[in-house]
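Colleague: Just passing along the structure, written as structure tokens.
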Amino acid sequence: MNKVPLTLHGAELLRAELQRLKVVDRPNVIAAIAEARSHGDLSENAEYDAAKERQGFIEGRIKEVEGKLSSAQIIDPKLLDADGRCVFGATVELEDIEGGTTVTYQIVGDDEADLKLGKISVSSPIARALIGKYAGDVAEVQAPGGVREYEILDVKYI
């Protein structure tokens with residue numbers, strides 16, 4: 001089975017979601033099904049159908065999250081010793097060579113990626129271009145609008 005890379009924070013978020021699904025959402029949907037059953041004829045009961053559909057979604061998500069956690073390789077960026085190299089979990093400050101703008105991204109797992117929070121997926125084109133490079137290197141990223149070049153200004157493990 002393939003290991004799924006997760007940061008420590010990402011694993012905590014998945015555990016919290018799993019806890020919520022099992023402790024809050026699952027009992028709520030069971031109660032909704034019981035309520036819908038009490039209304040009688042199930043063949044034309046939209047509430048019952050909706051509750052059963054929601055139950056299927058919740059159970060599927062529980063299995064998915066449990067699977068991810070069981071195959072997770074949890075990495076704490078603070079404990080990394082990569083000698084300034086861009087690796088999973090690193091926070092990288094980049095300068096767009098053409099535009100001169102500066103951005104900071106953390107390289108995280110697919111489930112944790114959120115561009116608004118500055119977290120990019122390890123499987124994204126920009127992260128793949130950064131992996132293995134050092135501060136001062138230039139990374140060429142194949143973007144939809146063509147090749148973009150970024151200079152790596154700093155690599156931190158925070």
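The values are calculated or read from the model by the stated rules, or taken from the named source; none is laboratory data. Quantities reported herein were computed from a predicted structural model and do not represent experimental measurements. Positions of Cβ are backbone-derived with ideal geometry, glycine not excepted, and every protein chain shown enters the neighbour counts.
Colleague: Please state which one of Ala34, Ala46, Ala11 is of a type in the set (A, V, I, L, M) and in contact (Cβ under 8 Å) with a residue 40 or more places away in the chain.
Modeller: Numbers: Ala34 fails: in contact (Cβ under 8 Å) with a residue 40 or more places away in the chain; Ala46 fails: in contact (Cβ under 8 Å) with a residue 40 or more places away in the chain.
Residue meeting the stated conditions: Ala11.
Colleague: Next question, about the same structure. When you scan region 42-51, do you find a residue that is buried (at least 16 other Cβ atoms within 10 Å of the Cβ), of a type in the set (D, E, K, R) and modelled with pLDDT under 95, even just one? Give the steps one after another, and end with the answer.
Modeller: So the first thing to find is which residues in region 42-51 are buried (at least 16 other Cβ atoms within 10 Å of the Cβ), and the list is 48, 51.
With the extra rule that they be of a type in the set (D, E, K, R), the set shrinks to none.
No, region 42-51 has no match at all.
Colleague: Out of region 14-26, which residues are free of Cβ contacts under 8 Å to residues at least 60 places away in the same chain and hydrophobic (A, V, I, L, M, F, W, C)?
Modeller: Within region 14-26, the first condition is being free of Cβ contacts under 8 Å to residues at least 60 places away in the same chain, and the residues that meet it are 15-26.
Residues satisfying the conditions are Ala16, Leu18, Leu21, Val23, Val24.
Colleague: If you take the residues of region 133-158 that are hydroxyl-bearing (Ser, Thr, Tyr) and more than 20 Å from the chain's Cα centre (by Cα), which of them is surrounded by the most Cβ atoms within 10 Å (Cβ to Cβ)?
Modeller: So, considering only residues that are hydroxyl-bearing (Ser, Thr, Tyr) and more than 20 Å from the chain's Cα centre (by Cα), the one surrounded by the most Cβ atoms within 10 Å (Cβ to Cβ) is Tyr150.
Colleague: Also, I was wondering about something else. Going residue by residue through region 108-128, is there one that turns out to be among the β-branched types (Val, Ile, Thr), in a helix (DSSP H, G or I) and under 26 Å from Tyr157 (Cα atoms)? Walk me through it before giving the result.
Modeller: Going through region 108-128, the residues among the β-branched types (Val, Ile, Thr) turn out to be 108, 120, 122, 126.
Among the residues that remain, those that are also in a helix (DSSP H, G or I) are: 126.
With the extra rule that they be under 26 Å from Tyr157 (Cα atoms), the set shrinks to 126.
Taking every residue of region 108-128 in turn, at least one turns out to be among the β-branched types (Val, Ile, Thr), in a helix (DSSP H, G or I) and under 26 Å from Tyr157 (Cα atoms).
Colleague: Also, quick follow-up: Which one is farthest from Val65 (Cα to Cα), of the residues in region 106-132 that are over 14 Å from the mean Cα position of the chain (by Cα) and either surrounded by fewer than 18 Cβ atoms within 10 Å (Cβ to Cβ) or among the acidic types (Asp, Glu) (or both)?
Modeller: Gly132
Colleague: Turning to a different aspect of this structure: Working only within region 70-102, note down all residues that are of a type outside the set (Asp, Glu) and over 27 Å from Leu14 (Cα atoms).
Modeller: Applying the first criterion (of a type outside the set (Asp, Glu)) to region 70-102 yields 70-75, 77-80, 82, 84-92, 94, 97, 99-102.
Gly84, Arg85, Leu94, Ile97, Gly99, Gly100, Thr101, Thr102 - these are the residues of region 70-102 that are of a type outside the set (Asp, Glu) and over 27 Å from Leu14 (Cα atoms).
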